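Below is one structure; the comments refer to it alone.
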Amino acid sequence: MTNYILKRLGQGLLTVFLTVSTVFILIRMAPGDPAVSYAGPLATTEQLDAVREQFGLNKPVLEQYWIFLQQLFTGNLGQSYSFQAPAMVVVAERMPYTLTLATAAILLTAVVAIPLGVWMSRRPDTGREFGVNVLTIAGQSMPDFWTGIMLLTGFAVLIPIFPASGFATWGGLVLPTITIAILQIALISRMVRREMTANFAAPYLTVARSRGVRNSMLTWRYAMGNSAIPVFTALGTRFAAMLNGVVVVEVVFAWPGVGSLIVRALETRDYPLIQATVLLTALLAVGVQLLIDLAYPLLDPRVRLGKAATA
Amino acid sequence: MSLDTATPAGPGSPAGQPARQPSPSAVTKADIAKAGATRRRNAAKWKLIVGTICTLLVMIPIILAQELPLPDANFQDLSARRLPPLTDGHLFGTDQLGRDLLSRVLHGGQVSLTIGVLAVLVSGAIGIILGAAAGYFGGWVDTVVSRVLEAQMSLPLLMMLLLVVALFGPSIPVITFVIAIAQWPEVARLTRSMVLVEREKPYVSAARILGLHRVQILIQHIIPNVIKQATLVVLLLLAQAVLLESALSFLGAGPQRPFATWGRIISDGQDYITTSWWMVTLPGLVIVLMVVGVNLLGDGLRDRPRRKKKGA
């Protein structure tokens, strides 16, 4: 068990390391000079040189990478160019907002999608199920920025129930959460339906039914019990992905999270800020992934961590 | 991938083959029409029909955009700003610079669709080749491909895409490449799992005994057996590619020339949403119609009962 956790932690850290290294290389490969965007288009050559000197951009790339690695292990990725503050601090301040939004969205998704998927799987190929099925297809076909603007216009401008942007009151959480959840509900409920249908067709369920087990038991205890792991994995993976910033939705609703921060960091070519965002979000995502794996034995007693089954 | 055979048919009514000649079976035509398998087939048929209609409804005007009697997509007429739909021959109205919205949507759609189709072709090719190689050869090839797949799944996807586009410029090749890179894992994983099944089948051993080279077996015998299902996934990826491209261009990382694409048109109209609803609503509806169509088509093709080969 401990070995397993250590092994997974090692793999996770390696992934994070590769991610930030990839970003480092990509940034250096790209055309464009951060000194120009920092000092402005009218800066003289001397000024540009001074900026490069200040941020260590005039050193050889390998030396820059070495410095970057040292920074990585001390947890200090340098000053953000545009915020004039330690980049890690800037990102860390935004993180709670993204976490709140992601948590709210995944909770809403789970609460709606699981019962919806079960409902669909219990009456496959009926007219009503077909209707809901088509609705879920529509749900996964709507671009989230468009849904967001539509909800914003409908419920913040025309009928002003909720605030239009930011996170001043809890009401501000409602519209972004719904926007994210529409897509996620469509995806997850279809998956629940698929898993449950497969389980309903399995021989063990026929045996249980012939022994007179009640229908609700069959659904929730038997079929759901065996669908729990894939569904839980899907929910967890989605949650981990959201921690990387729900970029589009955050931009639409001016949500002060990591997603809107990264867009700004990219526009201004704020290298330390980009690196810090990638590092923190990747760390969090890997951590969540590990927690999901650790939860498997709770959902399915047959799973023994570290044994061949989960390797 | 589940072949759900359990149907909610009543006890004692096997919902299977319709009886050809008069038989003592108690299964009537009405029973067959109500059976789960029949309803499933009908649902797939409707999805195919509606999906085709929706897709064509968007695709045909886009393809014919140059032929249609429309003003140029970039032609500005400041005296005709923000006209509502159906005025002065502007079916979708005009935007804040007096450009014809329908023309913008169609011409932008050409760019979006081109990117989508190219991206899907590239990601399909990469995915099928790498996935098949990983599944068939196993060993270190499989290890490398699977590791790369895993690593990419845990990367912050949209963030990386934005990063690459922001750094290398929003040109059509860059965006196409970026979307293709984002999408190949799905094809590769599916192809790999199917090839794993195929390679254990007797015909592969037979081919090997006949002295065929391993690469030849893979290309001539295994890939033709999995390509059909792999292309189905590719169709669903087209829907995703269109959505991804529109998200990128909404965030300002989309192509600007020759025409602004759908996401950009919507973000342009965002500031005028309270006074000119059509500038956001209509382009969005076009995207939804198109993507719903492609998704329905993919779903319907997947659920369609497999026809037996003629003469088999």
Could you tell me which of rounded, prolate or oblate describes chain B, using a ≥ b ≥ c as the square roots of the eigenvalues of the alpha-carbon gyration tensor, with rounded for a/c under 1.5 and, failing that, prolate when a/b is larger than b/c and oblate otherwise?
oblate
Can you tell me how the stretch A:92-187 classifies by the Cα gyration tensor, rounded, prolate or oblate, using a/c under 1.5 as the rounded cut?
prolate
Rounded if a/c under 1.5, otherwise prolate or oblate - chain A, Cα gyration tensor axes:
oblate
Return A:Trp146, B:Trp140 ranked ascending by Cβ neighbour count within 10 Å, so the fewest neighbours appear first.
B:Trp140, A:Trp146
Which of the peptides A:57-65, A:147-155 is most tightly packed, and how do the rest follow, judged by the mean count of other Cβ atoms within 10 Å per residue?
A:147-155, A:57-65
J(HN,Hα) series, the stretch B:216-231, from Karplus relation 6.51 cos²θ - 1.76 cosθ + 1.60, nearest Hz, glycine and proline x:
5, 4, 4, 6, 8, 10, 7, 4, x, 7, 10, 5, 5, 5, 5, 5
Pop out the ³J(HN,Hα) list for the stretch A:190-204 in order, Karplus 6.51 cos²θ - 1.76 cosθ + 1.60 with θ = phi - 60°, rounded to Hz; leave Gly and Pro as x.
5, 5, 4, 4, 4, 4, 5, 4, 4, 6, 5, 8, 6, x, 4
Stick to the Cα atoms of the stretch B:189-276, pair each with every other, and give me the Kirkwood hydrodynamic radius in Å at one decimal.
16.6 Å
Normalised Cα Rg of the stretch B:34-128, dividing by 2.2 N^0.38 Å with N its residue count, works out at 1.54
For the protein assembly as shown, what does the convex hull of the Cα positions come to per residue, in cubic angstrom?
217 Å³
Rounded to whole angstrom, the alpha-carbon centroid of the stretch A:1-68 lies from that of the stretch A:130-158 at a distance of 39 Å
Shielding score for A:144-151, defined as the mean number of other chain Cβ atoms within 10 Å:
6
With point charges of +1 on the Cβ of Lys and Arg and -1 on the Cβ of Asp and Glu, referenced to the Cα centre of chain B, which listed residue (B:Ile128, B:Ile53, B:Gln270) lies farthest in the positive direction of the dipole?
B:Ile128
Long-range Cα-Cα pairs in the stretch A:161-311 (distance over 25 Å), rounded percent
50 percent
Rounded to a whole number, what is D in µm²/s for the stretch A:21-177 from Stokes-Einstein with the Kirkwood radius over alpha-carbon pairs (25 °C, 0.890 mPa s)?
118 µm²/s
Could you give the dipole magnitude of the stretch B:125-233 about its Cα centre, charging the beta-carbon of Lys and Arg +1 and that of Asp and Glu -1, in debye to the nearest 20?
260 debye
Mind pulling the angle between the C-alpha long axis of helix A:127-139 and the longest principal axis of chain A? Nearest 10 degrees, somewhere in 0 to 90.
0 degrees
Order these by the 10 Å Cβ neighbour count, fewest first: B:Glu150, B:Glu198.
B:Glu150, B:Glu198
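Computed from the coordinates by the stated procedures, all read-outs in this text should not be read as laboratory data. Nothing here was measured: the structure is a model prediction, and the numbers come from that model. Don't worry about glycine lacking a Cβ; one is built from the backbone with ideal geometry, like all the others, and counts go over all protein chains shown.
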